[in-house]
Structure formats: C-alpha cells, structure tokens
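Below you'll find the structure, written out as structure tokens, and then a few comments.
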Amino acid sequence: MIDPRLKLIDKKLEKVESIILFGSGKGGVGKSIISSAISYILSSRGESVAYIDLDFYGSAGSNLFTINSQIRGCRGGIELPVSDGVKVISTGYFLSDNPFPLMGKDKLDLLLDLFSAIDFGSLDFMIIDLPPGMGDEITFTQRMFKDKVSVALVTVSSEMSLTVVERLIKYISAERINLLGVIVNMVNLFRNYRLEELKDRLQTRILGMVSYHPEIELFRTIKEKLENTPSFKNELEEVVENILECFR
Amino acid sequence: MHEWSIAESIIEAVIQSVKYQKILEVEIKIGELRDLDIEILRESLKILSSETILRDTKFDIIVSKAVFKCFDCGEEWGMREALKIMENMLTVDKYVLEENELEPPIHFIPSLVIGLQRCPKCGGMDINIESGRELEISKVKVEE
C-alpha cells in the first residue's frame with residue numbers, strides 16, 4: 001500500500017526553507033502567543049512566514065490571526081490565507097467553536113490531510129504551534145521534515161514546568177533534532193531565575209525571558225497585542241533576534 | 001481541481017515504486033469521504049500519465065462507502081446523512097471558494113469531518129469513521 005499524500009507533502013514543502021516547531025512540556029505557558037508573535041515580527045522584518053496551528057484541541061490560531069475573506073482553493077489545494085502579513089492555517093477557521101475529538105489514528109490522518117492539501121508556496125520560515133507534550137504532532141513533523149526542522153521550547157519558570165521541559169530536551173537531543181533553545185515566559189509571575197542559572201539547569205541556549213503583560217488580554221489579534229504593548233513587543237523582538245542568530 | 005495534484009502524486013509514487021518492470025495495472029482505493037470527483041481524477045490520471053512510462057497502464061479506481069458509527073448508541077450512517085449534518089453545522093464563511101464554487105472544507109481536509117458530525121440518533125460526539133477515508137495505491141501489477 002502506498003499513500004500518495006506522502007509524495008504530495010514532499011512537493012508542497014519543497015520551497016520551505018526552515019521549519020521551527022514551538023513546543024512546551026506543559027500547557028498554558030503561552031506557546032501560542034509567543035509563536036504567533038514571532039511569526040508576526042519575522043514577517044514585519046520582511047521574511048516570508050507561515051503560522052501553522054497544530055494544537056487541534058486548544059486551537060487559538062484563528063483568534064490570533066483573523067481572516068475576513070473566504071479561504072480559496074486552487075489546483076494545488078488550499079491557498080494559505082494571509083493575516084497581518086503572515087500566511088496562516090488553523091482548523092479553527094473551519095470548525096469555529098465545535099469541539100474536535102480526535103483519536104490517535106484520526107490525528108495522524110488529519111496531519112497527512114493537512115500538509116498534503118495546502119499550497120505553502122515559498123517560505124523562509126514555517127512556524128508550527130504544537131500542542132503541549134510529546135504527542136503525534138511532534139513525532140510526525142520531525143519524521144516528515146527532519147532536515148528542515150528546528151525546535152524552540154516555551155516554559156514558565158515553575159519547578160513543574162521546568163522538570164517537564166527537561167524531559168522534552170532529552171527527547172529532542174536523543175532524536176538529534178536541532179534545538180534552538182528555550183523561551184522562558186511570564187518570568188514576573190514565577191521564581192525569578194537569573195539567565196545563567198536557567199542556562200546551567202537546562203543545558204541549552206535561553207532565547208529570551210519574557211514578562212507577563214496583563215494588558216495584552218485587552219486585544220484579540222497578535223498584531224493588536226504587540227502594537228499596543230511596546231514593552232511586550234520589545235521583549236519578543238529580542239527573542240526573534242536570538243532565533244535569527246541561530247540561522248546565521 | 002484538487003484532483004489534479006492527487007493524480008500527479010499517484011503517478012509519481014507509482015513510478016518510484018518499481019524499478020525496470022512495465023506497469024500493467026494500478027489499483028487506487030478512494031474513500032467516499034475524500035469528496036473527490038472520480039471522473040476528474042480519472043481524466044487527470046489519463047492526461048498526466050500520457051507523457052510518462054505509465055501511458056499504457058490501466059488505472060482502476062475503487063470507491064469505498066463512508067460509514068460513521070456512534071460509540072455511545074451504536075447508530076451507523078452514511079455519506080449523504082453526514083453531509084446533511086455537516087451542512088447544518090457549517091456557516092457559509094467556513095466553505096472553501098474554488099473556481100466560483102463553494103466546496104465544503106472536507107473536500108480538501110477530509111479528517112475535519114470528525115469535528116463536523118453529531119450522532120443523528122443520540123447527538124453524541126464520540127464517533128468513529130468505520131470506512132471511507134482511504135486514499136491509497138492498493139495494488140501495482142507489473143509485467144512478469
């Protein structure tokens with residue numbers, strides 16, 4: 001049995017330069033906000049970027065990037081809609097608030113359907129917002145796109161979250177996936193580590209320490225959150241700079 | 001016209017799967033849930049293979065019926081009922097615009113159907129797709 005979707009996926013990702021998976025050990029650490037913010041800032045700097053929301057159960061992509069026109073299909077599949085300069089896709093655009101209960105087999109099928117049905121075109125960066133933990137989404141993406149994949153992890157500085165992220169780092173290094181580093185989020189709400197302390201503990205690069213800015217809750221899209229909260233944007237600009245440094 | 005890119009990938013995958021043998025017949029299983037136009041797929045296979053080593057190959061397309069089953073009450077239903085349920089849950093802005101026609105998103109991403117079904121008998125959401133999701137090259141017959 002041959003699955004022609006695998007061939008389609010190879011072709012559709014031909015012109016994608018780099019894929020960055022944004023993962024976390026625990027949920028609720030701000031991974032979607034951070035990964036969408038990085039997508040927006042990269043795009044504002046002139047990079048061609050797609051934000052792919054693979055957090056099917058906790059999908060937030062359709063809130064962070066809103067689209068106002070009908071999604072279009074073409075001979076190559078679905079044309080990625082563009083929101084605030086970023087090409088985006090999220091199951092939330094099709095399912096609204098409907099729950100999406102997926103068993104293992106269904107999820108794998110969805111990943112194959114999704115990546116084989118989208119016309120990604122040329123991209124400098126594909127930013128993938130993963131669900132928390134080590135589920136099918138991380139193994140699927142790293143197996144399918146191995147050579148192009150890097151990982152950035154998001155955590156808060158709570159003991160529980162750091163312990164789980166350490167476990168994730170073990171998996172990433174055992175699989176020889178390129179780990180860009182860790183972004184420590186909401187640093188003002190949890191234990192106040194020094195950067196060097198975290199670097200020693202996690203044995204990897206710290207891409208940034210980001211504070212929790214309650215005012216971002218007043219805005220819906222990631223563009224609005226960033227443009228109305230300059231201190232938040234500045235911290236994320238620094239993270240983007242550190243990420244780009246990894247590719248130079 | 002998503003069928004064209006599927007046909008293209010089938011042809012490439014078949015060519016890569018054999019070495020030097022002549023390919024006589026290719027069997028393709030397509031689930032009803034894929035919502036593909038089988039005539040367009042057949043036509044695209046014919047046109048796209050005409051310039052390849054598959055120009056004389058016979059393509060057999062087998063379509064399997066979609067069957068949904070509710071884990072809560074055991075109710076089973078087919079594609080026609082599933083489309084009705086989906087239409088009731090989808091607003092127009094959730095459709096995909098393709099060549100001036102609105103296609104349901106499952107035409108491109110069939111697995112989305114799981115989030116667009118409720119059991120027609122009990123309203124449950126614990127639903128299994130028993131059959132009808134296939135997209136596979138199930139047999140490649142080569143000359144001995």
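The values are calculated or read from the model by the stated rules, or taken from the named source; none is laboratory data. Quantities reported herein were computed from a predicted structural model and do not represent experimental measurements. Note: ideal-geometry Cβ built from the backbone for every residue, glycine included; neighbour counts use all protein chains shown. What goes into the accessible areas is simple: the full protein's heavy atoms, side chains included, and nothing from ligands, DNA or RNA. Shrake-Rupley method; radii C 1.70, N 1.55, O 1.52, S 1.80 Å.
Things worth noting here:
- Screening B:43, B:76, B:81, B:143 for residues that are free of Cβ contacts under 8 Å to residues at least 12 places away in the same chain and away from chain A (no Cβ under 12 Å) leaves exactly one candidate, B:43.
- Residue list for region B:67-117, restricted to those being out of contact with any strand residue (DSSP E or B) (no Cβ under 8 Å at 6 or more places or on another chain), of a type in the set (Val, Ile, Thr) and closer than 18 Å to residue A:114 by Cβ: B:106
- Of all the residues in region B:113-140, those that are at the interface with chain A (Cβ under 9 Å from one of its Cβ atoms) and among the acidic types (Asp, Glu) number 2.
- Hey, residue B:50 without any contact (Cβ under 8 Å) to a residue 12 or more places away in the chain, more than 9 Å from chain A (Cβ to nearest Cβ) and polar (S, T, N, Q) or not: yes
- Candidates in region A:81-94 are the residues that are hydrophobic (A, V, I, L, M, F, W, C) and either assigned to a strand (DSSP E or B) or open to solvent by 20 Å² or more (accessible area, probe 1.4 Å) (or both); of these, the one that is nearest to the other protein chains (Cβ to nearest Cβ) is A:89.
- Considering residues of region B:103-112 that are of a type in the set (A, V, I, L, M) and within 8 Å of chain A (Cβ to nearest Cβ) only, the residue farthest from residue B:6 (Cα to Cα): B:112
- Residues that are in a loop (DSSP other than H, G, I, E, B) and in contact (Cβ under 8 Å) with a residue 40 or more places away in the chain within region A:61-80 comprise A:65, A:66, A:76, A:80, listed in sequence order.
- Matching residues, region B:1-26, being over 12 Å from the mean Cα position of the chain (by Cα), closer than 13 Å to residue A:4 by Cβ and touching a residue at least 12 places away in the same chain (Cβ under 8 Å): B:4, B:8, B:10, B:11, B:13, B:14, B:15, B:17, B:26
- Residue identified as more than 8 Å from chain B (Cβ to nearest Cβ), open to solvent by 10 Å² or more (accessible area, probe 1.4 Å) and at pLDDT 95 or above among A:65, A:125: A:125
- Residues satisfying the stated conditions in region A:96-114, i.e. open to solvent by less than 50 Å² (accessible area, probe 1.4 Å), facing another protein chain (nearest Cβ under 7 Å) and under 18 Å from residue A:130 (Cα atoms): A:100, A:102, A:106, A:109, A:110, A:113, A:114
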